[in-house]
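Undergrad: Can you keep this structure in mind? I'll have questions shortly.
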Amino acid sequence: QVQLVESGGGLVQAGGALRLPCAASGRTFSSYAMGWFRQARGGEREFVAAISASGGSTGYADSVSGRFTISRDSAKSTGYLQMNSLKPEDTAVYYCAARWGGRSYYTYEYPYWGQGTQVTVSS
């Protein structure tokens, strides 16, 4: 079992930045790939970014590529999503997730999820 807790959400103006930490506890975090997903009100949960267990491989949704950066600090059992140049369309609840094995773009391949943190970008 892996327990995940996101934080760092809030209200920010368009063009601003936020960093979302995802603190992990339980089994060895360094053995798990991690992903970030988001869900806007009334929408489906969608892929944002993913990172391999080693941190050596990352992937991003086209909508955030070049603006968002996923990273991890296994010594602190914490993953991060750095979000720059935020846009109103980035407004959503952001979730971190973990899975044994390689990184994935699909929600159904992640068995462990945090509770989510709200990010609101004003225009």
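Undergrad: Looking at segment 75-87, can you tell me whether even one residue there is hydroxyl-bearing (S, T, Y), outside any strand (DSSP E or B) and under 14 Å from S31 (Cα atoms)?
TA: Yes: segment 75-87 contains one or more residues that are hydroxyl-bearing (S, T, Y), outside any strand (DSSP E or B) and under 14 Å from S31 (Cα atoms).
Undergrad: Oh, and also: Kindly list the number of the only condition in (1) open to solvent by less than 50 Å² (accessible area, probe 1.4 Å); (2) modelled with pLDDT under 95 that fails for S54.
TA: (1)
Undergrad: Additional query: Is segment 103-123 home to any residue that is in a strand (DSSP E or B), under 15 Å from V2 (Cβ atoms) and either touching a Phe, Trp or Tyr at 6+ places or on another chain (Cβ under 7 Å) or modelled with pLDDT under 95 (or both)?
TA: yes
Undergrad: Quick check on S77: is it among the hydroxyl-bearing types (S, T, Y), surrounded by fewer than 15 Cβ atoms within 10 Å (Cβ to Cβ) and in contact with a strand residue (DSSP E or B) (Cβ under 7 Å, 6 or more places away or on another chain)?
TA: In short, no.
Undergrad: A further question on this structure: Can you name the residue in segment 1-20 that is within 13 Å of G79 (Cα to Cα), assigned to a strand (DSSP E or B) and open to solvent by 30 Å² or more (accessible area, probe 1.4 Å) and, of all such residues, is modelled with the lowest pLDDT?
TA: Per the criteria, the residue is Q3.
Undergrad: So which residues in segment 22-40 are part of a strand (DSSP E or B), closer than 17 Å to V93 by Cα and open to solvent by 30 Å² or more (accessible area, probe 1.4 Å), if there are any at all?
TA: A23, Q39
Undergrad: Name the single residue, out of those in segment 84-121 being within 15 Å of I51 (Cβ to Cβ) and hydrophobic (A, V, I, L, M, F, W, C), that is farthest from the chain's Cα centre (by Cα).
TA: Looking at residues that are within 15 Å of I51 (Cβ to Cβ) and hydrophobic (A, V, I, L, M, F, W, C), I get W100.
Undergrad: Report yes if some residue within segment 57-64 is under 23 Å from S122 (Cβ atoms), at pLDDT 95 or above and part of a strand (DSSP E or B); otherwise report no.
TA: No: zero hits.
The values are calculated or read from the model by the stated rules, or taken from the named source; none is laboratory data. A quick note: this is a predicted structure, and the numbers were derived from the prediction, not measured. Here Cβ is always computed from backbone atoms with ideal geometry, including for glycine, and neighbour counts include all displayed protein chains. All accessible areas refer to the heavy atoms of the entire protein, side chains included, with ligands and DNA or RNA removed. Shrake-Rupley method; radii C 1.70, N 1.55, O 1.52, S 1.80 Å.
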